[in-house]
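Inspection log for the structure reproduced underneath, given as structure tokens.
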Amino acid sequence: MDSLAYWPNISLSTNISIPYIGKMELSGMDTSIYGSFIILIVLAIWFHYQASKSTTQTLPAQDPHFRKFQMSFFLVYFIVLFTDWLQGPYLYKLYSQYGFESKQIAALYIAGFGSSLLLGTFTGPLADRFGRKKMAIGFCVMFSCCCFSKLSHNFYILIIGRMFGGISRSILFSTFEAWYVHEHTENHNFQGEWVSLTFSKVTFFNGILAINAGVISNVFVETFGFGPIAPFMIAIPFLFTAGLVISQTWGENYGNTKSDISQSFCEGLYKIFSDDKIFYLGVVQSLFEGNMYLFVYQWTPILSPSKPPLGIVFSCFMLCMMIGSSIYSILHAAKYSAGQLLLLSQVLGTISMWICMFSTSNDHIYISFLAFLILEVAIGIYFPAIGYLRTHIIPEELRANIMSWFRVPLNILACGGLIFLHNTYLVGSYHAIFTICTLILSIALLSNIRFNKLYKRKLNVLDDNSMFTNVKEETT
């Protein structure tokens, strides 16, 4: 999840007119937000407790080697996720302080997404060919350069910094997972089913990291008065530490090392279109996460007329994501398949956007807020489910390659969304925006249904082959 689009004070609003809401409703909104925050804290703790109970008796929870391996991954991955969240809250404010106008700031964001689209796609084949550990260290270096670039007031240097950031995020959301899955399944020979436990924990603690990053950024920027540049400078020593830990503790692993880069690049794309399961899973990922970007550009301007405490609103979102992660763990332990849980996330997301179609057209801000919370629960279920399925569907030798390709439509949607939402001739209301979001998630939902049928057929074939092998061994 890209934090740079998620934080409230960097959402890029359109020129859509929003009706005035009176003082009584404003105070009522504050009460609702703080009340929701308290309730969600209780629910997050309760669901996490239930999830812990449902997984404590499982084999992975009792395996000290697995827990040690998990912690070695978490140590690095949580640090780099933390640095990503650190930079989100004050990026827009930093650009504004430098004197850039809204359209120039939008161009800076588009530069980040565009570089991820045009250049970041090559990071997957490079990681598979030359080593995922090397690419992870490269991420730490490149993301540090992105942070250093914020010291400059020069627009073109900031553009280059955004390009570094876009490429870095392509690495962050492909190479790290590819390294972990290879180590988990190939080097340590842990069961593939255990991967979902790791991704579920990542999603849960990602919410905690996001909230803490927001608090720390606020303390250094506002309380200590270091200004909006502070979070970017704080991120650099964390990135240095992560790079050092990777170099000292991670082993190297590879994907496809036989083909050259251009051939490997094409092989990943060919594999997506030749394997229906990978194709439909990629459609689900691209559309669901693309919808997330459209949502995060809009939630602040929709809620802003009631002047809610945006930091608390964001914390509510993160708590809902943590609840969704715990729901995934509970249901997965109850033998619901990852495909079914991915479908559940699509259903909840579609319902959320459908509610927003009507709540925003009638200015029901409270209902819109509730719909946003439902979407965040869906996101919490989605990430561990999609991570588990990618592990079982994407071939190991092309893992980082294909995951980079999955981000291409996502970045197109993100760039298109920024352009679309700033064009008042193309979009005239929030109702129109959420109609598009509902359509996008409806397509993702149908693709998920098709994927589940194909995936179930594959599992049935594997079960039949396993049964045949057992019978053959018994007869011999």
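Taking the criterion of being part of a loop (DSSP other than H, G, I, E, B) and among the small types (Gly, Ala, Ser), the only residue of region 297-334 that qualifies is Ala334.
Summed over region 111-130, residues that are assigned to a helix (DSSP H, G or I) and either without any contact (Cβ under 8 Å) to a residue 24 or more places away in the chain or surrounded by fewer than 19 Cβ atoms within 10 Å (Cβ to Cβ) (or both) total 3.
Rundown of residues vs (1) of a type in the set (Ser, Thr, Tyr); (2) out of contact with any Ser or Thr (no Cβ under 7 Å at 6 or more places or on another chain); (3) more than 20 Å from Ser174 (Cα to Cα); (4) surrounded by 18 or more Cβ atoms within 10 Å (Cβ to Cβ), yes/no style:
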site: Glu222; (1), (2), (3), (4): no, yes, yes, no
site: Gly227; (1), (2), (3), (4): no, yes, yes, no
site: Phe232; (1), (2), (3), (4): no, yes, yes, yes
site: Glu252; (1), (2), (3), (4): no, yes, no, no
site: Lys258; (1), (2), (3), (4): no, yes, yes, no
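Report whether or not Ala333 is under 25 Å from Val195 (Cβ atoms) and at pLDDT below 90. Considered against the rule, which asks whether it is under 25 Å from Val195 (Cβ atoms) and at pLDDT below 90, Ala333 comes out as yes. The set of residues from region 82-105 being buried (at least 19 other Cβ atoms within 10 Å of the Cβ) and either under 23 Å from Tyr254 (Cα atoms) or more than 17 Å from the chain's Cα centre (by Cα) (or both) comprises Tyr90, Leu91, Tyr92, Leu94, Tyr95, Ile105. Of the residues screened, Thr175 is not one that is farther than 18 Å from Ile79 by Cβ and either among the β-branched types (Val, Ile, Thr) or touching a residue at least 12 places away in the same chain (Cβ under 8 Å) (or both).
Somewhere in region 450-460, is a residue at pLDDT below 85 and closer than 30 Å to Cys266 by Cα? Yes; the residues of region 450-460 include at least one that is at pLDDT below 85 and closer than 30 Å to Cys266 by Cα. In region 39-74, the residue that is modelled with the lowest pLDDT out of those that are hydrophobic (A, V, I, L, M, F, W, C) and over 18 Å from Ser326 (Cα atoms) is Leu59. Would you confirm whether any residue within region 131-138 is buried (at least 23 other Cβ atoms within 10 Å of the Cβ), of a type in the set (Lys, Arg) and under 18 Å from Arg407 (Cβ atoms)? Yes, region 131-138 contains at least one residue that is buried (at least 23 other Cβ atoms within 10 Å of the Cβ), of a type in the set (Lys, Arg) and under 18 Å from Arg407 (Cβ atoms). Among the residues of region 302-355, those that are β-branched (Val, Ile, Thr) and either under 22 Å from Trp46 (Cα atoms) or touching a Gly at 6+ places or on another chain (Cβ under 7 Å) (or both) comprise Ile312, Val313, Ile323, Ile327, Ile330.
Remark: pairs (first residue in region 417-443, of a type in the set (Ser, Thr, Tyr); second residue surrounded by fewer than 17 Cβ atoms within 10 Å (Cβ to Cβ) and modelled with pLDDT of 65 or more; Cβ separation under 9 Å; 6+ apart in sequence or on different chains) = Ser429/Ser361; Tyr430/Ser361. Take the residues in region 210-220 that are of a type in the set (A, V, I, L, M) and surrounded by fewer than 22 Cβ atoms within 10 Å (Cβ to Cβ), then tell me which one is nearest to Ser325 (Cα to Cα). Filtering first and then ranking leaves Ile211. Among the residues making up region 142-166, a single one is farther than 21 Å from Ser96 by Cβ and crowded, with 24+ Cβ neighbours inside 10 Å: Phe143. Selection of region 392-402 for residues being out of contact with any Leu (no Cβ under 8 Å at 6 or more places or on another chain) and surrounded by fewer than 24 Cβ atoms within 10 Å (Cβ to Cβ) yields His392, Pro395, Glu396, Glu397. Of the residues making up region 376-402, those that are in contact with an Asp or Glu (Cβ under 9 Å, 6 or more places away or on another chain) and acidic (Asp, Glu) are Glu396, Glu397. Could you list, in sequence order, all residues of region 19-38 that are modelled with pLDDT under 75, of a type in the set (Asp, Glu) and in contact with a Pro (Cβ under 7 Å, 6 or more places away or on another chain)? Within region 19-38, none qualify. The condition (being buried (at least 22 other Cβ atoms within 10 Å of the Cβ), within 18 Å of the chain's Cα centre (by Cα) and not acidic (Asp, Glu)) is satisfied by just one residue among Leu343, Leu441: Leu441.
The values are calculated or read from the model by the stated rules, or taken from the named source; none is laboratory data. Remember, predicted model here, so these are calculated numbers, not experimental data. Don't worry about glycine lacking a Cβ; one is built from the backbone with ideal geometry, like all the others, and counts go over all protein chains shown.
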